[in-house]
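Visitor: Pasting a structure below so you can have a look.
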Amino acid sequence: MSTDNSKVDITILGAGMAGASLVHLLAPARAAGLSIALIDRQPLSWDKDDRDRPPSFDGRATALSWGTRQILEELDIWNSIAPYACSIDHIQVSDEGRFGQAQLHANEQNTEALGYIIENHRLGQGLLAGLNDSDKLHVMAPNCAETVCMTAEGAELKLDDGHTLTTKLLIMADGGRSPLPRQLGIEQSRKDYGAQALVTQVKCDKPHDHWAYERFSSDGPIAFLPLNKDEYAVVWTLSDDEVDDVLALADDALIERLQARIGYRVGKISAMGERLTYPLALVKSSEQVRRSLVLLGNAAHSLHPVAGQGFNLTLRDAAVLAEHLNRAAMQGQDVGSLEVLEAYLQQQSADQRNTIAASDLLPRIFGSKAPAVAFLRDAGLLTMAAAPVARRLFARHAMGLGHTAAKLG
């Protein structure tokens, strides 16, 4: 797109997990003749050894629910990332120093896995592959929108290279730190948890056998998520008051502390990889849709990672949005009409509300040190351990199956 003024039907800001997924989901709209622009600040390489990739495809790992696998299968993406995705066949949930414990198993759900863990850069390779060859898709990277204003025809973007782009529908999928929503008077509510997530990978002296462990410790929740044969992705929640002291520890001392919290159910931890930290908060946008505008992914909501539902909810949002946009495109409707966009949000609002509530409740329940809360917590774990129906309901939520699936065809 080399002209000073360009027009497209749909513009997606951000080629991370949310934006790249949506491009695939909108294949029927492109087939119906709609043009799409995908804009990202980073240069996008289409090579398998891609080094220049959007920030969301970093050294961390992402939990993929069974429902997410089903969507990726329909998009013909799953087969390309499956060799790098480690299945979670069993989950143990436990409480440090207390008697509460529960286990979930894939065979109880009649599926081959409860979910999967994949490194972000592997997921990124699958989502970005082939997009540069997609018909009716204009990839604009590196590029970014500096200003946005809404017009009678949609939205007008001023790009950092001096170009102007007009679009019938603007989808902001460029993360929670984007300044553009505020230019339109859209604010964020933020609930800080007073904690940070320490993310790393560890190697142990015994294979994981596809077990994941969720451990509620005195430091905060710890998730050990299976990666390679004897390696785990670790997400460790630490309070703001102690995170600096923990980060200052040498690897041996940090491994010793982590081992004390998780115990030897994972075997002996022998090595630790790079450490990354990020603050934890529940962030929600004051608006998700307007005429000709949608906020998607972290621009719309950002969750606590304890339940591993962030990307899974985003992908379900994107799938339902695509269902409505594809239908509008095939029926000749305006994809930016408020009626179309409000129908998407109404269909997806219950899933968002329930998932956000669960992701907010879990860290408060399992992070509390109050004896009464601890007793109720353990009672709940024991009830789940003894009741197959309770385990099934809990597992279905974790697997992303407690909702009506989007129609992607």
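The values are calculated or read from the model by the stated rules, or taken from the named source; none is laboratory data. If you're wondering where the values come from, they're calculated on a predicted model, not measured in any experiment. With ideal geometry, Cβ positions are generated from the backbone for all residues, glycine too; neighbour counts draw on all protein chains shown.
Visitor: Of all residues in region 164-188, which are at pLDDT below 90 and either more than 23 Å from the chain's Cα centre (by Cα) or surrounded by fewer than 16 Cβ atoms within 10 Å (Cβ to Cβ) (or both)?
Guide: 177
Visitor: One residue is enough: does region 212-230 have a residue meeting the conditions surrounded by fewer than 21 Cβ atoms within 10 Å (Cβ to Cβ) and not in a loop (DSSP other than H, G, I, E, B)?
Guide: Looking for residues that are surrounded by fewer than 21 Cβ atoms within 10 Å (Cβ to Cβ) and not in a loop (DSSP other than H, G, I, E, B), one finds none in region 212-230, hence no.
Visitor: Just to verify a result, which residue in region 242-260, among those that are free of Cβ contacts under 8 Å to residues at least 12 places away in the same chain and aliphatic (A, V, I, L, M), is farthest from residue 220 (Cα to Cα)?
Guide: 250
Visitor: While we're on this one: For region 189-205, give me the residue count where each residue is buried (at least 19 other Cβ atoms within 10 Å of the Cβ) and not aliphatic (A, V, I, L, M).
Guide: 5
Visitor: Can I ask one more? Go through region 96-113 and report how many residues are modelled with pLDDT under 90 and either within 21 Å of the chain's Cα centre (by Cα) or buried (at least 19 other Cβ atoms within 10 Å of the Cβ) (or both).
Guide: Counting residues in region 96-113 that are modelled with pLDDT under 90 and either within 21 Å of the chain's Cα centre (by Cα) or buried (at least 19 other Cβ atoms within 10 Å of the Cβ) (or both) gives 4.
Visitor: State all residues of region 28-43 that are in contact with a helix residue (DSSP H, G or I) (Cβ under 8 Å, 6 or more places away or on another chain) and either closer than 15 Å to residue 128 by Cβ or among the aliphatic types (A, V, I, L, M) (or both); if no residue qualifies, say none.
Guide: Hits for region 28-43 are 29, 32, 34, 36, 38, 40.
Visitor: Let me spell it out: the conditions are (1) in contact with a His (Cβ under 9 Å, 6 or more places away or on another chain); (2) at pLDDT 80 or above; (3) under 30 Å from residue 328 (Cα atoms), and residue 41 meets all of them except one. Which number is the exception?
Guide: (1)
Visitor: Across region 278-329, which residue is surrounded by the most Cβ atoms within 10 Å (Cβ to Cβ) among those that are charged (D, E, K, R) and within 17 Å of residue 174 (Cβ to Cβ)?
Guide: Here the answer is 317.
Visitor: Restricting attention to region 267-310, and to residues there that are part of a loop (DSSP other than H, G, I, E, B), out of contact with any strand residue (DSSP E or B) (no Cβ under 6 Å at 6 or more places or on another chain) and not polar (S, T, N, Q), which single residue is farthest from residue 194 (Cα to Cα)?
Guide: 291
Visitor: If you don't mind, there's one more thing I want to ask. On the basis of being within 22 Å of residue 118 (Cβ to Cβ) and either β-branched (Val, Ile, Thr) or out of contact with any Gly (no Cβ under 8 Å at 6 or more places or on another chain) (or both), does residue 227 make the cut?
Guide: So residue 227 fits the description; yes.
Visitor: Among the residues of region 321-362, which ones are polar (S, T, N, Q) and under 18 Å from residue 153 (Cα atoms)?
Guide: Result: 333, 337.
Visitor: Another question, if that's okay. So residue 209 fits all but one of (1) part of a strand (DSSP E or B); (2) at positive phi; what number is the exception?
Guide: Result: residue 209 passes all but (1).
Visitor: Also, I was wondering about something else. Which members of region 78-92 meet the condition of being touching a helix residue (DSSP H, G or I) at 6+ places or on another chain (Cβ under 6 Å) and within 21 Å of residue 223 (Cβ to Cβ)?
Guide: The answer is 81, 84, 89.
Visitor: Here's another thing I want to ask about it. Pairs under 6 Å by beta carbon, first residue farther than 14 Å from residue 125 by Cβ and of a type in the set (Val, Ile, Thr) in region 68-81, partner modelled with pLDDT of 95 or more and assigned to a helix (DSSP H, G or I), six or more apart or different chains?
Guide: As it stands, the answer is 68/315; 71/315; 71/319, since those pairs meet every condition given.
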